[in-house]
1. Specify which of the listed residues (I102, I93) is free of Cβ contacts under 8 Å to residues at least 12 places away in the same chain and outside any helix (DSSP H, G or I).
2. Can you name every residue in the stretch 97-108 that is surrounded by 12 or more Cβ atoms within 10 Å (Cβ to Cβ) and out of contact with any helix residue (DSSP H, G or I) (no Cβ under 9 Å at 6 or more places or on another chain)?
3. Of all residues being outside any helix (DSSP H, G or I) and aliphatic (A, V, I, L, M) in the stretch 1-15, which is farthest from T79 (Cα to Cα)? Just the residue, please.
4. Among all residue pairs at least 6 apart or on different chains, which show Cβ distances below 7 Å where the first residue, located in the stretch 65-82, is among the polar types (S, T, N, Q) and the second is not in a helix (DSSP H, G or I)?
5. Identify, please: which residue in the stretch 58-90 is among the small types (G, A, S) and not in a strand (DSSP E or B) and is, among those, nearest to E5 (Cα to Cα)?
6. May I ask you to list the residues in the stretch 67-89 that are touching a strand residue (DSSP E or B) at 6+ places or on another chain (Cβ under 8 Å) and either under 18 Å from E22 (Cβ atoms) or surrounded by 13 or more Cβ atoms within 10 Å (Cβ to Cβ) (or both)?
7. All but one of (1) touching an Asp or Glu at 6+ places or on another chain (Cβ under 9 Å); (2) over 22 Å from L112 (Cβ atoms); (3) of a type in the set (A, V, I, L, M) hold for V45; state the number of the condition that does not hold.
8. Surrounded by fewer than 12 Cβ atoms within 10 Å (Cβ to Cβ) and without any contact (Cβ under 8 Å) to a residue 60 or more places away in the chain: does that describe E62?
Amino acid sequence: MQKIEAVIQPSKLDSVKDALVEIGINGMTILEARGHGRQKGHTEVYRGREYSVDLLPKVKIEMVVPDEMVDQAVQAILTAARTGTIGDGKIFISKIDEAIRIRNDERGETAL
């Protein structure tokens, strides 16, 4: 099993979620986040004053998938989230040793 964490632009959430559901991934956790990478934020003008916005709104999607679905899930995220501009986001993949369903103590991939 692998855990996939994707940090994407909020405007791309629905298309990424739909792409993942389409390939059979139904379980995911979605978190609102703030941060920045290379774009380092920007300046805005509000009521005549300029101020710096250095933490931009992002969405973090987390899911644990069977090993054989990792490539499909990553490709679905890449295709749905890409705009081609800086700030599109990142995908992180890590190994999961065990998953346990609290309700009935199922373990491994059956707990997903």
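The values are calculated or read from the model by the stated rules, or taken from the named source; none is laboratory data. In this text, all values refer to a predicted model and were calculated from it rather than measured experimentally. In this analysis, Cβ positions are derived from the backbone assuming ideal geometry, glycine residues included, and neighbour counts consider all displayed protein chains.
1. Numbers: I93 fails: free of Cβ contacts under 8 Å to residues at least 12 places away in the same chain.
Exactly one of I102, I93 is free of Cβ contacts under 8 Å to residues at least 12 places away in the same chain and outside any helix (DSSP H, G or I), namely I102.
2. Here is the first cut: in the stretch 97-108, the ones surrounded by 12 or more Cβ atoms within 10 Å (Cβ to Cβ) are 99, 101, 106, 108.
Answer for the stretch 97-108, where residues must be surrounded by 12 or more Cβ atoms within 10 Å (Cβ to Cβ) and out of contact with any helix residue (DSSP H, G or I) (no Cβ under 9 Å at 6 or more places or on another chain): E106, G108.
3. Step one: of the stretch 1-15, the residues outside any helix (DSSP H, G or I) are 1-9.
Within this subset, residues satisfying the condition of being aliphatic (A, V, I, L, M) are 1, 4, 6-8.
Values: M1: 22, I4: 15, A6: 13, V7: 14, I8: 12 Å.
In this case the residue turns out to be M1.
4. Q72/I23
5. Of the stretch 58-90, the ones among the small types (G, A, S) are 73, 76, 80-81, 84, 87, 89.
Checking the rest, the ones that are also not in a strand (DSSP E or B) come to 73, 76, 80-81, 84, 87.
Working: A73: 11, A76: 13, A80: 15, A81: 13, G84: 20, G87: 16 Å.
Ranking the candidates gives A73 first.
6. Step one: filter the stretch 67-89 for residues touching a strand residue (DSSP E or B) at 6+ places or on another chain (Cβ under 8 Å), giving 67, 70, 73-74, 77-78, 81, 87-89.
Listed by number, the residues that qualify are V70, A73, V74, I77, L78, A81, G87, D88, G89.
7. Condition (1) is where V45 drops out.
8. Working: surrounded by fewer than 12 Cβ atoms within 10 Å (Cβ to Cβ): no; without any contact (Cβ under 8 Å) to a residue 60 or more places away in the chain: yes.
The answer is no for E62.
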